[in-house]
Amino acid sequence: MMDSVYVIGLDYGTDSARGLLVDALTGEEVASSQFAFPRWAEGRYCNPQQSQFRQHPLDALEALEGLLKDLAAAAPEQWSNVKAINIDCTGCSPCLCDSHLKPLSLRKEFSECPAAMFFMWKDHSSQEESDRLQTALEGTSWLDTSGGKHSPESYWSKVARALSECPELERHAYAAVEMHDYLPAVLCGITDYHELKESRATIAAKAIWDCQSKEFPAVVTDVLPSVSGIFTNKNRKNYTADAIQGYLCEEWASRTGLGRDVVVGVGHLDSWSGAVGAGVARGRLVMNLGTSSAYIAVMPTGAVTKPIDGVLCQVEDLAVPGMTGFETGLSSFGDDYAWLKKILSWASGNEEGIMERLNREAAGIVPSENLPLSTDWFNGRRSPSTDMSVKAAISGLTLATSPAELYYSIVESTAFATKAVVDLLAGNGVEISELVAIGGISHKSPFVMQMLSDVLQRPIRVSSCSQTCAYGAVLFATVNAGVYPDVTSAQNAICKTEEAVYTPRLEYSEILTDRYGRYLELGRRTGRV
């Protein structure tokens, strides 16, 4: 019988990072930890008015050490049997670096330069660069993997934006490294960019990479000449998260008390990792509900032969190796609700209790044609029909409209947007027979979950794992540790069961169907759909 084997999954989200220590044979969660990013919490290097959201590499590095030390302190008896670590992060989140993989913001002269930091996933400051690439690539097969649209959440436009904000960086930048590639490299002590095994996740989904030719479109450098050097240097080969990046280096073994034989896996995107952690499979759509939302489905490669207009990405081997992954989602989900909370707390400066009251009162509202109607594009539109420049709209307000009714309308709009996404996938041959929800909102807000079920007119299971993205990283780590032959086997062995099931209230189906039609019409009038 195999001796005890423990693995670690680290998940880097928007505001904080989480860590799980798990028994690879049973799936038991032995210890967990969370680390809030201190500089990010202060709002440093961010300017929401300009869609600028940057994070200093020190936040990521401090979280890495803090999480591992917390897990070690919580499970000293198991620590010597840790065999593998995998990491997922939000993305696309590139940072300019030198040839030794050192982020330029770790140099003294650029330590306070936002352009030299990680461009977080929701940084849309590169809209102009993105539009130029969209025009150049319009109608070509290069956009087949991204639903025919190029988003400012993507790689080359963000790199160009960084160089335009601070031209001095161009002399020093050899590459632009994703956060989920940088952190495994740090653990392994890799100091040569070309020794880095870059993740397929952002290369294929966010960097206009063609899996057949193994190339990027040459027109990128015509449209964005400042990225020419980085384009030339860019690694053309990439790897899935069940590949080994390397082994823990001496420095990090000393810092953490782990052995030098600990395997470090190739990094991954958090949304895809979360889907794996929730058991994504053919017919099972995973809905990751957080500040934004990501909806992940898979089909056997070749089962869907045509590119689907309106998806965020459609790429082989993304979530589950051997399957084609489809990602859609909303560029703001919980952030929409947080906007209203911020508005309501403006006078008092106290946000405590607002969301609890809104959820409680909105749950008692019966849907009717007289309620306000909203669109959900507070941070642009991710899918279908990507357009980060569109704005949200709220119609039907009166002097009698209550805060709870306004909240109801905003939650309903995110449910309607989710229905548009599910209908898009199902209408293009992606099998959806089961919905599984993960992420903070799925555990915190029964009202939101019931609304989603009512609008979709489908049952929704909620995963019992509170840290599903980290658990997805755990599953890949079990493969890299040699416990399971592939991630599907790991899922079948130790994935979690549901915490709750929401079923649709059929008595509301007629009015919600009518309101959905009105939502689509409002979108056509205000959102260039």
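The values are calculated or read from the model by the stated rules, or taken from the named source; none is laboratory data. Model, not experiment: these values are computed from the prediction. A quick note on method: Cβ atoms are made from the backbone with ideal geometry, for glycine too, and the neighbour counts reach across all protein chains shown. Side chains included, ligands, DNA and RNA excluded: accessible areas come from the protein's heavy atoms. Shrake-Rupley method; radii C 1.70, N 1.55, O 1.52, S 1.80 Å.
Observations
Yes or no, residue by residue, for (1) farther than 26 Å from V304 by Cβ; (2) in contact with a Leu (Cβ under 7 Å, 6 or more places away or on another chain):
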| residue | (1), (2) |
| --- | --- |
| A393 | yes, yes |
| T401 | yes, no |
| A415 | no, yes |
| V422 | no, yes |
| A426 | no, no |
| S433 | no, no |
| G439 | no, yes |
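- Residue check for A253: of a type in the set (A, V, I, L, M, F, W, C) and surrounded by fewer than 18 Cβ atoms within 10 Å (Cβ to Cβ): yes
- Selected residue (criterion: farthest from R524 (Cα to Cα)) from residues of the stretch 356-370 that are surrounded by 18 or more Cβ atoms within 10 Å (Cβ to Cβ) and in contact (Cβ under 8 Å) with a residue 60 or more places away in the chain: N359
- Contact map, the stretch 129-142: first residue in contact (Cβ under 8 Å) with a residue 24 or more places away in the chain, second residue surrounded by fewer than 20 Cβ atoms within 10 Å (Cβ to Cβ) and among the β-branched types (V, I, T), Cβ cut-off under 7 Å, separation 6 or more or different chains; pairs are R132/V223; L133/V223; A136/V219; A136/V223; L137/V219.
- The residue list P94, P48, P76 contains one member that is surrounded by fewer than 23 Cβ atoms within 10 Å (Cβ to Cβ) and within 21 Å of the chain's Cα centre (by Cα), which is P48.
- Odd one out for T398 among (1) without any contact (Cβ under 8 Å) to a residue 12 or more places away in the chain; (2) under 30 Å from G302 (Cα atoms): (2)
- Looking across A205, A176, A253, one residue alone is under 17 Å from P94 (Cα atoms), part of a helix (DSSP H, G or I) and not aromatic (F, W, Y). It is A205.
- When G310 is tested against the conditions (1) out of contact with any Leu (no Cβ under 6 Å at 6 or more places or on another chain); (2) assigned to a loop (DSSP other than H, G, I, E, B), the lone failure is (1).
- Test result for V286, under 13 Å from the mean Cα position of the chain (by Cα) and within 24 Å of G427 (Cβ to Cβ): yes
- Matching residues, the stretch 216-250, being in a helix (DSSP H, G or I), of a type in the set (G, A, S) and touching a helix residue (DSSP H, G or I) at 6+ places or on another chain (Cβ under 6 Å): S226, S228
- Answer from K158, K108 - the residue that is under 18 Å from the mean Cα position of the chain (by Cα) and either modelled with pLDDT of 95 or more or buried (at least 23 other Cβ atoms within 10 Å of the Cβ) (or both): K158
- Those helices (runs of 4 or more DSSP H) of the stretch 421-500 in which 3 or more residues are farther than 30 Å from Y247 by Cβ and either open to solvent by less than 40 Å² (accessible area, probe 1.4 Å) or modelled with pLDDT of 95 or more (or both) occupy 440-444, 446-456.
- If you go through the stretch 15-59 and keep only what is within 22 Å of D335 (Cα to Cα) and of a type in the set (A, V, I, L, M), you end up with A17, A36, A41.
- Whichever residue in the stretch 303-322 is modelled with pLDDT of 90 or more and open to solvent by 40 Å² or more (accessible area, probe 1.4 Å) and, among such residues, is nearest to Q134 (Cα to Cα): P307
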